[in-house]
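The values are calculated or read from the model by the stated rules, or taken from the named source; none is laboratory data. Remember, predicted model here, so these are calculated numbers, not experimental data. For neighbour counting, all protein chains shown are included, and Cβ atoms are generated from backbone atoms with ideal geometry for every residue, glycine included.
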Amino acid sequence: MQINLRFFVLSIFVLTSGICIGGEGMWLPQLLKLLNEKEMKSMGMKITAEDIYSINKGSLKDAIVHFGGFCTSEIISPNGLLLTNHHCGYGQIQSHSSVENNLIKHGFWAKSYKEELPNPGLTAIFIDYIDDVTQKALAGVNDKMTPSERQSAIDKNLAEIRKSYELKSYQNLILRPFFDGNQYFAFVTTTYKDVRLVGAPPESIGKFGADTDNWVWPRHTGDFALFRIYAGPNNEPADYSPDNVPYKPKHYLPISLDGVEENDFTMVFGFPGRTQQYLPGSAVKQIVEVLNPAKIKIRETALNIMDKYMRKDEATKIKYASKYASIANAWKKWIGENLGIKQTHALKKKADYEAEFQKRLSPDSPYKSLLEEMNTLYKDIEPYALARDYYGETTRNVELLDFMSTLRRLVNTYENNGADAYQKMLKQSEEGIAEFYKDFDSKIDSEKFGSLLTLYVDNLDERFVPLLLRRSSLGMSASEDFSKIAESMYMQSDFSEEMATRKILAKTPAEAVALIKSDPFYSLAAVWADFYNKEISVPYNNIKKEIDLKQALYTRAQMEVFKEKRFYPDANSTMRVTYGKVNGYKPRDAVYYQPVTYLDGVLEKYVPGDYEFDLPSKLIELHEKKDYGRYADKTGKLPVCFIGSNHTTGGNSGSPAIDAYGNLIGLNFDRVWEGTMSDMNYDPSICRNIMVDARYILFIIDKFAGASNLIDEMKLVHPKSLSQTKSKRGKK
């Protein structure tokens, strides 16, 4: 069946134009006028689609920044001041911290440009404009092609598309598939490389509630940090230099002091990472019942070991703080995801949906056997998918195993390209090697390795365990764990200690490579990696290619069959807009969550000396005096966080919450636990995103930190008051 591109593209516009409850959907900003503007205005939006995305004038999209390629941030002053989450900037805050100068614990506030701290490698990426390149990307592609033939044809087309763009030295072109490869867009971007730390609250504010409150509502976390973009001559990107000056943006976000009320319109703008809304039920069932439980168990084991050591020693806590937070984030998300899928009966909904899909197909439809074929493929891939997750999670959570990949690149470079290439690669790896050992503890890592290796061997079919790790090969009993083996491996390996590693890498390339290859831990990692590639990765990828091809057909089929249904492209780390309202929700029987939390609730959770719920004495004092300045609401209380029905996911961390007038009202940083399944099954009854109230951010900067220099460069507004005044004038 030849793909009818013109029909498909037009069908997207027609199918998505139907009105539905605001909240679900991650929309491309350049299509808002055609697809969403009418609905957004009906929900209370006062600005236009042109105000949100324009290539002819400064618009909201020019204030939205892809922060480091993994979070979102936004410009909130004419001097390039960036606002993002504390957890997004955590790695940078940690890198500037030490026991003597602990910015994580005490916070940081630059009182002048000279005090702002550089962050090598951190980038700020802007979207210049977006093009639909579907016709060119899918030219010559048809449904009779094999997965490799289809991908080869698309790759050639994308290469030609790249040649057609004339880019400046600081611009890049990103080409991404949408609707599972049925549509393609090109994103022209500009990257700034000089991004400096400006301000961050202490973690007792920025990470208040830590892991206990993560993914949970009610929330009381001041999860924000401030950075600044610096530019070279002509306001263009430049490498770090003391001579660089603050960037002058095309647009920045004014900040509303009017706050939010239930049912207020909200819009979240950012770079959501990945969603999978159009999967078949067999795929969702596999994730919830097989893959998530395995990953949860692995991370839980690693987290418990890290936590044990972090509680004993402050230096260890500093070293492992960012790692722990990163590992815990997905772990708790998967738990909530499983809970939400069950609570909303998502698997039954999928089954009912698929039954209706089959019912609507004509007897001669090319899609008649599609779901059956996909179900078979998911059954075939399951053991490989489970082994793949066990290997990936083990190597990710055992740091020395992960470090072996750096050494393996050095060995491969030498053996394939010679000594000069090796030296070049070593120089490029130097920063990563230094960073690895800066925050590495071999005792903790050894304990993690022993525990996770035991889980790996105990929970996988023996065909997925390399011979050298089987208990029978090691002379171990069937129930014996791998802790002693792990201890022995770390004692024997030179790479469990930085000085020994440096001595090896200081030798000639030939000598260094020989010593690396003779190291027992390296040998184990290399054999295991080769085994994984051959016995797990290759067969997994072969089946996955077939699944991806079927998924592309299934997504298109759904859009053709359910003509009344509203479709939107899955998230893929490209710029999107989602919109909804400030709303509470009912997580379970007899419980209703209000949409706003206050500083009173922070003090209710306060536990002196507790690493998750301790508070700075100054914040307690400000609360006791009710010294909130102009940031209290009309009842005299200080708002901290609020929730809305905006459809967000990972990557939306740091996204601005924008009001009906285009002003900043909050900062997105999380989702409620019951609604984390929104990546696969958005349900308006319980899916809520969590945002720091902008007034709490301003209060912390101004009243708590005394950083009035930062407040002075922002534009603070009262849009609701202004709107009411205009309304009264109109009536007169």
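Residue-by-condition table, conditions (1) of a type in the set (A, V, I, L, M, F, W, C); (2) under 21 Å from the mean Cα position of the chain (by Cα); (3) within 18 Å of Q594 (Cβ to Cβ):
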| site | (1), (2), (3) |
| --- | --- |
| I665 | yes, no, yes |
| E674 | no, yes, yes |
| M680 | yes, yes, no |
| C687 | yes, yes, yes |
| V692 | yes, yes, yes |
| R695 | no, no, yes |
| L698 | yes, no, no |
| A705 | yes, no, no |
Residues of segment 91-109 being in contact with a Ser or Thr (Cβ under 8 Å, 6 or more places away or on another chain) and either aliphatic (A, V, I, L, M) or under 20 Å from L710 (Cβ atoms) (or both), in sequence order, are L103, I104
Filtering segment 140-164 down to residues that are surrounded by 14 or more Cβ atoms within 10 Å (Cβ to Cβ) and modelled with pLDDT of 95 or more yields A153, I154, N157, L158, I161
Taking segment 118-149 and keeping residues over 30 Å from Y53 (Cα atoms), over 29 Å from the mean Cα position of the chain (by Cα) and not small (G, A, S) leaves V141, N142, D143, K144, M145, T146, E149
Mind checking whether some residue in segment 679-692 is of a type in the set (S, T, N, Q), surrounded by fewer than 18 Cβ atoms within 10 Å (Cβ to Cβ) and not in a strand (DSSP E or B)? yes
Within segment 184-216, restricting to residues that are touching a strand residue (DSSP E or B) at 6+ places or on another chain (Cβ under 8 Å) and modelled with pLDDT under 95, the one that is farthest from K333 (Cα to Cα) is N214
Would you be able to say whether some residue in segment 562-585 is closer than 29 Å to M40 by Cβ, without any contact (Cβ under 8 Å) to a residue 40 or more places away in the chain and either among the aromatic types (F, W, Y) or surrounded by 22 or more Cβ atoms within 10 Å (Cβ to Cβ) (or both)? no
Screening A506, A526, A478, A486 for residues that are of a type in the set (A, V, I, L, M), touching a Gly at 6+ places or on another chain (Cβ under 9 Å) and on the phi < 0 side of the Ramachandran plot leaves only A486
Problem - Some residue of segment 499-509 being without any contact (Cβ under 8 Å) to a residue 24 or more places away in the chain, touching an Asp or Glu at 6+ places or on another chain (Cβ under 6 Å) and surrounded by fewer than 17 Cβ atoms within 10 Å (Cβ to Cβ) - result: yes
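Here is a yes/no grid of residues against (1) under 24 Å from D494 (Cα atoms); (2) exposed (fewer than 15 other Cβ atoms within 10 Å of the Cβ); (3) touching a residue at least 24 places away in the same chain (Cβ under 8 Å):
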site: N338; (1), (2), (3): no, no, yes
site: E354; (1), (2), (3): no, no, yes
site: Y378; (1), (2), (3): no, no, yes
site: I381; (1), (2), (3): no, no, yes
site: L400; (1), (2), (3): yes, no, yes
site: N412; (1), (2), (3): yes, yes, no
site: N416; (1), (2), (3): no, yes, no
site: A434; (1), (2), (3): yes, yes, no
The residue from P242, P249, P218, P237 that alone is free of Cβ contacts under 8 Å to residues at least 12 places away in the same chain, part of a loop (DSSP other than H, G, I, E, B) and either not assigned by TED's automatic domain parsing to the domain that holds A110 or not acidic (D, E) (or both) is P242
Do we find a residue being in a helix (DSSP H, G or I) and among the acidic types (D, E) anywhere in segment 500-517? yes
Exercise for the section: Report whether or not K319 is surrounded by 15 or more Cβ atoms within 10 Å (Cβ to Cβ) and in contact (Cβ under 8 Å) with a residue 60 or more places away in the chain. Expected result: yes
